[in-house]
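Structure first, then comments.
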Amino acid sequence: MIVPKILIVDDERELVESCARFLGMASYNCLRAFGRADALKMIDSHQPDLVLTDLHLPDGNGIEVIRHARTRLPETPVIMMTAYHSPEALSAANEAGVTGYLRKPFAMAELGQTVEAALAALCLGGPL
Amino acid sequence: MTRIREKESDFAAIARWATALYLAIGVAWVAVSEWLLPSAAMRQSVINRSGFVAATAVTLYLVTTEYGRRMKRLKGELEEAVVEARAYFQSAQWGIVSVRETGEIRAVNPKACEMFGYSDSEMIGQSIEMLIPERMRIRHVAHRANYAAEPRNRPMGIGMDLIGRRKDGAEFPIEVSLNQLHVSGEPVVSAFISDITERLKLEREARRGETLTALGAVAAGVAHELNNPLAVVSSRVELMLQAGAKELSPQMREDLEVVHRNARRASRIASELLNSARQRRPERRPVNLAELVDETLLLFREQMRRDGISVTTAFPAGLAPVLGDRSALAQVLINLLTNARDAIAKNGGAVRITGSAPTDRPDFARLRIEDSGPGIPAEARERIFDVFFTTKANGTGLGLWLCRRIVLEHQGNIEVESEPGRGAAFTITLPAAGDHTDAPHGHGEAGGAKIPAPPERG
């Protein structure tokens, strides 16, 4: 059984933990990054099957995380999680190749559905 | 004017009579000389002199008639200038009050009469201080003395709020420009007065709009900062509810659900705030109010029908479209209709939406939404557009605040009327689109690049 690896990027550690625990309950393998640099490193070293990223990161922009993931792992869906996006940020995210949105605040159930849908689109499917 | 013409004819007659008299006396003198003087040489000298008299008489006549003609032309020009000046004076958009050094009013124009509510005969001969509130009169006399000492053409009272007083005692803000001139050697000051009530009102509204925008930005910042901690709270509660489902007592489960529901509610307030403070580049297109109302009502009709609420609309044919941002105006309507529906609740009632062209503001269109709900008490009415003010148990206090913001951004205004027990009416006045008659329907086809929006959640 392949367990998809999900990288969660947000500087709000406790929220990352919530998401990781929720997705962990659904048997996904979750990786955590709390900043841009962390995220880029983990994309290179772990090659996640899905990336969830905030747009506002303390050491840079989530757009760079999206761009990096799309370049290195063209198959990997990237979902941005954000509370507020200016039209400019939104179009930048689109250009960088973001595949989905999770609008904060989201319920854990929404997170689960979005992740499953993204992975299903990739024909990886969720774990049984 | 008639006096000038009389004087002019007097002058011509005098010139003619003086020349005739001079000639008569000269000729008589020659005749008398001939009769008195025996010597031919002397007579010759007299003839010479009478020739001189005749020549000077002709010259005098020519010069005086030419002078008369020129005077006549000048007088004509002067007359025209007087007519023109009088027309300016009569029809000026400023109130003009001309004052002697003593402060006595010597002339006023119709605009000044209209502004202050007096007839001209009530003002002329009176002191200028009659047009100033009593508490300011003494100060004004001093100002007047200062001005007389150093008269310049200048705006009056720079940095001061000038106030005029009407006959009925009402006071109003004014702006005054002073000009000194001399009439028949007497110094006279003309005060050009504008009533700036309307301008100050617009300025106040613009300032209020700016304050609201700034406040919106602060609120958005706060909302953004609140969102993450709230997301942490609700996500952890969800985890507890899900992971610990078996270990939780029914009471704990209920408590957690309350915590979760309220964390979500706080999140909703925060995201609504963010939404409302979103800096969008607003569109300005003609929006047909009747169409906008019809479309928006589609969202409400079914539920209103279930709740026993009847909805009627009335729009006069040919009502000018307003110039605005269609989606923002739809938001205003949605918020107002939501309030109307909530006010009437499930007891049944009526909502009436009417459009009209205000007679007092020809370049505007007006929309009125009336409901038959319980009405709004006076103390709530004053604060109803304030941010976070709500009378609903589950309200966010953002709906009407946002309505007001949107309407102000459109250079319009929104007002509420209500009597407890007799429903409420909201009236929105928006600038009409004028000549912008391209895109009569234009919904959904916003110009510029389309940016996919994230799915709405709520």
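Out of region B:165-190, which residues are in contact with a Pro (Cβ under 8 Å, 6 or more places away or on another chain), within 19 Å of B:Gly125 (Cα to Cα) and surrounded by 15 or more Cβ atoms within 10 Å (Cβ to Cβ)? Scanning region B:165-190 gives B:Arg165, B:Gln180, B:Val189.
Somewhere in region B:70-89, is a residue assigned to a loop (DSSP other than H, G, I, E, B) and in contact with a strand residue (DSSP E or B) (Cβ under 9 Å, 6 or more places away or on another chain)? Checking region B:70-89: not a single residue is assigned to a loop (DSSP other than H, G, I, E, B) and in contact with a strand residue (DSSP E or B) (Cβ under 9 Å, 6 or more places away or on another chain).
Among the residues of region B:281-320, those identified as within 19 Å of B:Thr427 (Cβ to Cβ) and touching a Ser or Thr at 6+ places or on another chain (Cβ under 8 Å) are B:Ala290, B:Val293, B:Leu297, B:Thr313, B:Ala314, B:Phe315, B:Pro316, B:Leu319. Would it be correct to say that B:Glu122 is surrounded by 15 or more Cβ atoms within 10 Å (Cβ to Cβ) and in contact with a Cys (Cβ under 9 Å, 6 or more places away or on another chain)? Criteria met by B:Glu122. Checking every residue in region A:32-51 against the condition of being among the acidic types (Asp, Glu), in contact with a Pro (Cβ under 7 Å, 6 or more places away or on another chain) and either over 30 Å from B:Gly216 (Cβ atoms) or in contact (Cβ under 8 Å) with a residue 40 or more places away in the chain (or both) gives at least one match.
A count restricted to region B:377-406 and to residues that are of a type outside the set (D, E, K, R) and either assigned to a helix (DSSP H, G or I) or under 26 Å from the mean Cα position of the chain (by Cα) (or both) stands at 10. Being outside the structural domain of B:Ala219 (by TED's automatic domain parsing), of a type in the set (Lys, Arg) and at pLDDT 90 or above narrows it down to one residue among B:Arg381, B:Arg366, B:Arg422; which is it? Checking each option against the conditions leaves just B:Arg366. Taken as a whole, region B:92-105 holds no residue that is touching a Cys at 6+ places or on another chain (Cβ under 8 Å), loosely packed, with under 15 Cβ neighbours inside 10 Å and among the charged types (D, E, K, R). Residues that are within 14 Å of another protein chain (Cβ to nearest Cβ) and in contact with a strand residue (DSSP E or B) (Cβ under 9 Å, 6 or more places away or on another chain): does region B:206-217 have at least one? Looking through region B:206-217, none of the residues is within 14 Å of another protein chain (Cβ to nearest Cβ) and in contact with a strand residue (DSSP E or B) (Cβ under 9 Å, 6 or more places away or on another chain). Taking the criterion of being of a type in the set (Val, Ile, Thr) and either closer than 11 Å to B:Ile309 by Cα or touching a residue at least 40 places away in the same chain (Cβ under 8 Å) (or both), the residues of region B:321-380 that qualify are B:Val322, B:Val332, B:Thr338, B:Ile344, B:Val351, B:Ile353, B:Thr354, B:Ile369, B:Ile376. The residue pairs whose first member lies in region A:102-124 and is under 22 Å from B:Ala270 (Cβ atoms) and at the interface with chain B (Cβ under 10 Å from one of its Cβ atoms), whose second member is of a type in the set (Asp, Glu) and in a helix (DSSP H, G or I), and whose beta carbons are closer than 7 Å, counting only pairs six or more residues apart or on different chains, are A:Leu102/A:Glu110; A:Ala107/B:Glu238; A:Met108/B:Glu238. Do we have A:Thr71 as among the hydroxyl-bearing types (Ser, Thr, Tyr) and touching a strand residue (DSSP E or B) at 6+ places or on another chain (Cβ under 8 Å) here? Spelling it out, it is not the case that A:Thr71 is among the hydroxyl-bearing types (Ser, Thr, Tyr) and touching a strand residue (DSSP E or B) at 6+ places or on another chain (Cβ under 8 Å). Checking the stated criteria, B:Ile193 turns out to be touching a helix residue (DSSP H, G or I) at 6+ places or on another chain (Cβ under 7 Å) and surrounded by 12 or more Cβ atoms within 10 Å (Cβ to Cβ). Screening B:Leu226 with (1) within 8 Å of chain A (Cβ to nearest Cβ); (2) under 25 Å from B:Gly399 (Cβ atoms) gives one miss only, at (1).
Which condition breaks for B:Ala263 when tested against (1) in contact (Cβ under 8 Å) with a residue 12 or more places away in the chain; (2) farther than 27 Å from A:Gly24 by Cα; (3) not acidic (Asp, Glu)? Of (1) in contact (Cβ under 8 Å) with a residue 12 or more places away in the chain; (2) farther than 27 Å from A:Gly24 by Cα; (3) not acidic (Asp, Glu), only one is false for B:Ala263: (2). Scanning region B:234-251 for residues that are in contact (Cβ under 8 Å) with a residue 24 or more places away in the chain and away from every other protein chain (no Cβ under 14 Å) yields a count of 0. Checked against (1) under 16 Å from B:Arg404 (Cα atoms); (2) loosely packed, with under 14 Cβ neighbours inside 10 Å, B:Ala345 passes all but condition (1). Considering region A:10-35, and only residues there that are within 14 Å of chain B (Cβ to nearest Cβ) and among the aliphatic types (A, V, I, L, M), the residue that is surrounded by the most Cβ atoms within 10 Å (Cβ to Cβ) turns out to be A:Leu15.
The values are calculated or read from the model by the stated rules, or taken from the named source; none is laboratory data. Just so you know, these numbers come straight off a predicted model, no measurement behind them. Positions of Cβ are generated from backbone atoms using ideal geometry, with glycine treated the same way; all protein chains shown enter the neighbour counts.
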